[in-house]
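*Asks:* Supplied in structure tokens, the structure appears directly below.
The values are calculated or read from the model by the stated rules, or taken from the named source; none is laboratory data. As the structure is a prediction and not an experimental result, all values here were calculated from the model. No Cβ is skipped: glycine too gets one built from the backbone with ideal geometry, and neighbour counts run over all protein chains shown.
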Amino acid sequence: MNILITGANRGIGLEMVKYAMEQGWRIFACCRNPHNAENLFNIAKLSNGKISVHIADMLELSTLQALSYELRNDPIDILINNAGIYGSDKNSFGAVDVDSWLQTFQVNSIAPLKMVEAFSEQLFMGNRKLVACMSSKMGSMADNGYGNSYIYRSSKAALNAVVKSLSIDLKEKGIISVALHPGWVKTEMGGTGAEIGTRECVEQVFSNLTSLTIDDSGRFIDIDGSDIPW
């Protein structure tokens with residue numbers, strides 16, 4: 001099993017790398033700046049060559065194409081679009097930081113699509129043919145009962161729309177595309193008051209992914225495996 005993970009240097013992404021290594025999978029671990037990914041490199045050293053670390057900067061889309069060329073002969077079974085940012089705290093009505101909004105859209109909404117475009121051939125070569133995009137319930141319009149958080153909410157809602165279109169456009173190639181809500185996780189973004197740790201999150205995420213078929217493509221899946229309304 002070959003798996004490519006973006007945002008692999010910390011939080012959920014780093015825990016995914018650990019989990020995948022324990023399964024004996026081949027891991028392409030990607031992050032914006034490998035020079036600052038000490039924890040990731042420490043894990044890679046223990047993997048007997050199963051983990052390689054690569055640059056994938058969601059704000060520099062040319063790095064995604066360069067990585068695709070580097071891995072042009074490697075089948076990808078699972079591509080996990082995990083890299084994401086929350087954006088500025090200035091995200092309430094009347095005080096939205098527009099520059100941060102645009103940057104957050106590129107990282108959370110545009111770059112995941114460009115990753116799938118860049119690796120569509122490698123995914124087609126793989127056996128599992130699965131794209132998993134880490135979204136959030138905050139991208140659900142039906143679940144929005146509190147308002148505010150315009151930047152993050154809209155970027156994840158846009159990601160959900162991307163996933164739905166991917167599920168239609170890639171169906172003939174047998175590629176499954178889903179959006180995942182990882183729960184409220186104890187990470188730098190989620191904070192210490194969150195509900196679950198990264199290990200519990202990752203184990204449940206991979207449990208959910210295991211059973212997916214092409215008929216599940218286009219779903220927005222909660223951490224417990226249920227569907228989240230758009």
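*Asks:* Across region 67-90, what is the number of residues that are over 17 Å from Thr104 (Cα atoms), loosely packed, with under 15 Cβ neighbours inside 10 Å and not basic (Lys, Arg)? Let's see the steps before the verdict.
*Replies:* First, pick out the residues of region 67-90 that are over 17 Å from Thr104 (Cα atoms): 67-80.
Within this subset, residues satisfying the condition of being loosely packed, with under 15 Cβ neighbours inside 10 Å are 69-70, 72-73.
Add one more test, that the residue is not basic (Lys, Arg), and what stays is 69-70, 73.
Result for region 67-90: 3.
*Asks:* In the set Gly183, Gly218, Gly147, which member is closer than 27 Å to Gln65 by Cβ, of a type outside the set (S, T, N, Q) and not in a helix (DSSP H, G or I)? So that I can check it myself, show each step before the final result.
*Replies:* Details: Gly183 fails: closer than 27 Å to Gln65 by Cβ; Gly147 fails: closer than 27 Å to Gln65 by Cβ.
From the options Gly183, Gly218, Gly147, the qualifying one is Gly218.
*Asks:* If we keep just the residues of region 152-195 that are of a type in the set (Val, Ile, Thr) and over 18 Å from the mean Cα position of the chain (by Cα), which is modelled with the highest pLDDT?
*Replies:* First, the residues of region 152-195 that are of a type in the set (Val, Ile, Thr): 162-163, 168, 175-176, 178, 185, 187, 192.
Pick out the ones that are also over 18 Å from the mean Cα position of the chain (by Cα) and you get 168, 192.
Details: Ile168: 99, Thr192: 66.
The qualifying residue modelled with the highest pLDDT is Ile168.
*Asks:* Please verify whether Asn91 is under 17 Å from Ala158 (Cα atoms), more than 18 Å from the chain's Cα centre (by Cα) and not hydrophobic (A, V, I, L, M, F, W, C), treating the condition exactly as stated. Spell out how you get there, then give the answer.
*Replies:* Working: under 17 Å from Ala158 (Cα atoms): yes; more than 18 Å from the chain's Cα centre (by Cα): yes; not hydrophobic (A, V, I, L, M, F, W, C): yes.
It is true that Asn91 is under 17 Å from Ala158 (Cα atoms), more than 18 Å from the chain's Cα centre (by Cα) and not hydrophobic (A, V, I, L, M, F, W, C).
*Asks:* Report, by residue number, each residue of region 45-64 that is touching a residue at least 24 places away in the same chain (Cβ under 8 Å) and surrounded by 14 or more Cβ atoms within 10 Å (Cβ to Cβ). Quick ask: steps written out before the conclusion?
*Replies:* Taking region 45-64 as the starting set, the residues that turn out to be touching a residue at least 24 places away in the same chain (Cβ under 8 Å) are 46-47, 50-59, 61, 64.
Answer for region 45-64, where residues must be touching a residue at least 24 places away in the same chain (Cβ under 8 Å) and surrounded by 14 or more Cβ atoms within 10 Å (Cβ to Cβ): Ser47, Lys50, Ile51, Ser52, Val53, His54, Ile55, Ala56, Asp57, Met58, Leu61, Leu64.
*Asks:* Tell me which residues, restricted to region 127-144, are over 17 Å from Asn208 (Cβ atoms) and buried (at least 21 other Cβ atoms within 10 Å of the Cβ).
*Replies:* Correct list: Gly139 only.
*Asks:* Going by the structure shown, is Leu102 under 22 Å from Gly11 (Cα atoms) and either of a type in the set (A, V, I, L, M) or in a helix (DSSP H, G or I) (or both)?
*Replies:* When the stated conditions are applied, Leu102 does not pass them.
*Asks:* Out of region 94-139, which residues are polar (S, T, N, Q) and in contact with a Leu (Cβ under 9 Å, 6 or more places away or on another chain)?
*Replies:* Step one: list which residues in region 94-139 are polar (S, T, N, Q), which gives 100, 103-104, 106, 108-109, 120, 122, 127, 135-136.
Once the filter is applied, which keeps residues that are polar (S, T, N, Q) and in contact with a Leu (Cβ under 9 Å, 6 or more places away or on another chain), region 94-139 yields Gln103, Gln106, Asn108, Ser109, Ser120, Gln122, Ser135, Ser136.
*Asks:* Next up: Considering only region 125-141, I want to know if a residue exists there that is under 19 Å from Asn2 (Cβ atoms) and assigned to a helix (DSSP H, G or I).
*Replies:* For region 125-141, residues under 19 Å from Asn2 (Cβ atoms) and assigned to a helix (DSSP H, G or I): present.
*Asks:* Do you know which of the residues in region 18-63 that are of a type in the set (A, V, I, L, M, F, W, C) and in a strand (DSSP E or B) is farthest from Thr104 (Cα to Cα)?
*Replies:* Initial filter on region 18-63 (of a type in the set (A, V, I, L, M, F, W, C)): 20-21, 25, 27-31, 37, 40-41, 43-44, 46, 51, 53, 55-56, 58-59, 61.
Now narrow it down to the ones that are in a strand (DSSP E or B): 27-31, 51, 53, 55.
Numbers: Ile27: 26, Phe28: 24, Ala29: 21, Cys30: 18, Cys31: 16, Ile51: 28, Val53: 24, Ile55: 19 Å.
So, considering only residues that are of a type in the set (A, V, I, L, M, F, W, C) and in a strand (DSSP E or B), the one farthest from Thr104 (Cα to Cα) is Ile51.
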